[in-house]
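To start, the structure itself, in structure tokens.
Coordinate-derived values only; no laboratory data. Keep in mind the model is a prediction, meaning the values are calculated, not measured. Don't worry about glycine lacking a Cβ; one is built from the backbone with ideal geometry, like all the others, and counts go over all protein chains shown.
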2 protein chains.
Amino acid sequence: MAPRNDARRGTTIYSVADTAGVSIATVSRVLQGSPLVSERTTRKVLDAVAELDYLPSGAARSLAVRHHDTYGLVLPELNGPYYAELLVGFETRAAELEKSVMLVLAGTKEDRDSALRTLATRVDGIAVFGSDAYVVSSGKPVVVIAGHARAGIEAIAAENVEGARLLTEHLLVDHGRTNLRFVGDIAAAADLLERYEGFTAAHRERGLTPPEPVRAEFRERDGTAVAELLLAGDLPADALVCGNDELALAVMARLTDGGVDVPEDIAIVGWDDVMTARYVRPGLTTVRQPVQELGALAADRLHDLVSGAAPSAERRVLASEVVIRSSCGCPPGHPAG
Amino acid sequence: MAPRNDARRGTTIYSVADTAGVSIATVSRVLQGSPLVSERTTRKVLDAVAELDYLPSGAARSLAVRHHDTYGLVLPELNGPYYAELLVGFETRAAELEKSVMLVLAGTKEDRDSALRTLATRVDGIAVFGSDAYVVSSGKPVVVIAGHARAGIEAIAAENVEGARLLTEHLLVDHGRTNLRFVGDIAAAADLLERYEGFTAAHRERGLTPPEPVRAEFRERDGTAVAELLLAGDLPADALVCGNDELALAVMARLTDGGVDVPEDIAIVGWDDVMTARYVRPGLTTVRQPVQELGALAADRLHDLVSGAAPSAERRVLASEVVIRSSCGCPPGHPAG
DNA sequence: TTGTATGCGTTATCAC
DNA sequence: GTGATAACGCATACAA
């Protein structure tokens, strides 16, 4: 028996069944595109749908089919192109898979937990950037991006240590720098730590003892703070491997303003290949990660997991690419310059 | 009678009711934080919840309460900081309102329609960037961002024409330029058209006939194409008002490489104040919009609409701010450089 | 080809 | 305080 449809409290499948003169089962069938409905009835139903401006209830459907056709994506923030690209890759692939995406940006610790809890309530699976205690224990399929794998949790990432090793090596051998420093907060993110590992590896391979990292957040002002140190002579170095481009750019700008020549006096390299990196002079040598592909991969893995696949034990890592410009000491003039 | 709970097909409110030895009504009450449950029962329920790792079904809840506690956001893309900031503002405000956000990036025309249709199915209201035929007719509350209002549809935007008028005036009177061109595809977006209107207004106020706009997309390569025209002498101009910063930056870079002096030979201004704008030399004069606030406002308006407020007939516009650097001809040295 | 009836997992209105 | 139980709006197995 149809629920009361007295009030104009939203058109339901019952209303269209009524005005089309068929049962709700039939309405449901034509809406699903079932082939076993007569053309005539199909038309009647479609007409009713159009007439009533019928909009199905996603909640009711999800409840009936027992899944949400929605994936969650949890990002720490959205500054700079990195996370945006990740999001694009994820959303695009999800759209291809005909899944909706719910986004949550990690705010305060407390808000975050609550937001994540309700997120888990509305999706089939979640992709998190970095490791997150709660999400991981939500029971739903999870893939962590650029974080560490755990039992039963898949992890994917872009290559970090090898790229950093190459970059460091480039500075050490190709440019003969002898006093490198890594700048970035290696405690803040797993991938930063890995970049530092590449940095140390390149040193150790040559019998050098790797210097301690110079702590700095990603913000621009942290970069200028580091530059001040350099300018004041409190931080001797002839090359800087920065945790990301924002940092590198900020340091470079302040240094240049302060009269030091990059890369003559000090070489600087970054990570991410943001737009500014190719507009600034000297062009910033950096590393380009396949960020969009990473996002797409996250959606793909989630899809497999949700479809019942067992989480793979080893994490997949996508290759990154060193982009040489001239802040490392190489001559300018490369095409991408 | 409780549905069969034989299989481990996900823990439901019935399972926790069972293991807690209470009714589902009671479970629901403690989960809602109802005050009229005894402390003892509360504890029992909470224990059961913890033991079973119970995760409620958002779909079931939405169906019961007849709303989704979710807002949809439809963006054309996510290149550059503009949309990202809009998204941040929207998500942040939505989170404060305890709403989830579903994001859809407009892909192909066809995919888009389908995606929007199902989006409407899962949310209480939708914020769209620009005008979108389908969303507007979805029946759900809609607010359009940076587009035109229609009957029953709220619109919000950042100030465009006045900013453009000011910028143009600055070039015309403060720097005595006489041959300005507006570059950008004014047919592509409502706000670009408005910027062009400001451009023409400044001309007309002085009895000048405003030149036709130079068509160009937002992509960088379109900017370099325009620069080639200039370089070849096919486009006489001593000042360019570009539709956005990416365009301005690309033009400026190609021009500089081609040996023309900015701003001596030609002044260039942009729009958006992207990060590169302050790192590049000369610093790019541009306009900063309150993008994040715009996103937050969208969420706010949506919230009011969903709460039953009548859509306001006039659109709200947030003030933008001209950022003077030196690509317009002003001397460098301002704090923001 | 179409209709009937039931389940999906909550919330909320009654009773007790 | 707590427990039945009726919606909520759809999908679908089973009948017809």
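In debye to the nearest 20, how big a dipole does region B:234-275 give about its Cα centre with +1 on each Lys and Arg Cβ and -1 on each Asp and Glu Cβ?
Working: 1 positive and 10 negative charges, 14 e Å.
Magnitude of the dipole: close to 60 debye.
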May I ask you to report, in nm to one decimal and beginning with the shortest, the distances from residue B:201 to the same position in the other copies, taking label points 7 Å along Cα-to-Cβ?
5.8
Virtual spin-label span in nm between residue A:34 and residue B:312, 7 Å along Cα→Cβ
4.8
Which angle from 0 to 90°, rounded to the nearest 10, does the C-alpha axis of helix A:245-257 make with the longest principal axis of chain A?
40
Report the far tail of the P(r) of chain A, meaning the percent of Cα-Cα pairs longer than 25 Å.
60
Return a whole-number percent for the relative contact order of chain B, with Cα pairs under 8 Å and 6 or more residues apart as the contact set.
17
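Quick check for me: using +1 on Lys/Arg Cβ and -1 on Asp/Glu Cβ, what's the dipole size of the protein assembly as shown about its Cα centre, in debye to the nearest 20?
2620
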Just check region A:149-269 against the gyration tensor rule for me: Cα atoms, a ≥ b ≥ c as the square roots of the eigenvalues, rounded for a/c under 1.5, and otherwise prolate or oblate depending on whether a/b exceeds b/c.
oblate
Fewest to most neighbouring Cβ within 10 Å: what's the order for A:330, B:328, B:242?
A:330, B:328, B:242
Most mobile of A:65, A:323, A:183 per a Gaussian network model of chain A (Cα springs, under 10 Å)?
A:65
at residue A:310 the sorted inter-copy label distances (label 7 Å from Cα on Cβ side), in nanometres, are 6.3
Region A:209-272: which GluC sites (Glu not before Pro) are DSSP loop and have at most 10 other beta-carbon atoms within 10 angstrom?
A:264
What nm distance separates the two modelled labels at residue A:228 and residue A:43, each placed 7 Å from Cα along Cα→Cβ?
7.8
Tell me the relative contact order for region B:208-337 as a rounded percent, counting alpha carbon contacts under 8 Å between residues six or more apart.
22
Put the label 7 Å from Cα along Cα→Cβ for residue A:14; what are its distances to the other copies, in nanometres, shortest first?
2.2
Going through the cross-link list A:99/B:140; A:44/B:109; A:99/B:44; A:140/B:99; B:44/B:140, which pairs have a Cα-Cα distance over 30 Å in this structure?
A:99/B:44; B:44/B:140
Taking only DSSP H segments of four or more residues, each worth -39500 (n - 2.57), what value at 222 nm results for chain B once the sum is divided by all its residues, to the nearest 500 deg cm²/dmol?
-13000 deg cm²/dmol
Roughly how crowded by other chains is peptide A:118-124, in terms of the mean Cβ count from those chains within 10 Å of each of its Cβ atoms?
5
For region A:60-103 the GluC sites (Glu not before Pro) that pass both the DSSP coil test and the at-most-12 other-Cβ-within-10 Å test are A:98
Once the Cα atoms of helix B:190-204 and of chain B are each reduced to a long axis, what angle between those two axes, in degrees from 0 to 90 to the nearest 10, is obtained?
30
Does the protein assembly as shown classify as rounded, prolate or oblate by the C-alpha gyration tensor (a ≥ b ≥ c root eigenvalues; a/c under 1.5 gives rounded; else a/b over b/c gives prolate, otherwise oblate)?
oblate
The farthest towards the positive end of the charge dipole of region A:24-90, of the residues A:79, A:65, A:35, given +1 on Cβ of Lys and Arg and -1 on Cβ of Asp and Glu, is A:35
In vacuum, with every alpha carbon of region A:240-337 counted as one equal point scatterer, what does the Debye formula give for log10 I(q)/I(0) at q = 0.15, 0.21, 0.23 Å⁻¹? Two decimals, please.
-0.63, -0.95, -1.09
Report the calculated FRET efficiency for residue B:201 and residue A:108 (r = Cβ-Cβ distance, R0 = 41 Å), to the nearest 0.05.
0.40
Just name one of B:302, B:330, B:319: the one whose Cα is farthest towards the positive end of the charge dipole of region B:295-337 (beta-carbon charges, Lys/Arg +1, Asp/Glu -1).
B:330
Going toward the positive end of the dipole of region B:107-248, with +1 on Lys and Arg Cβ and -1 on Asp and Glu Cβ, which of B:190, B:200, B:160 do you reach last?
B:190
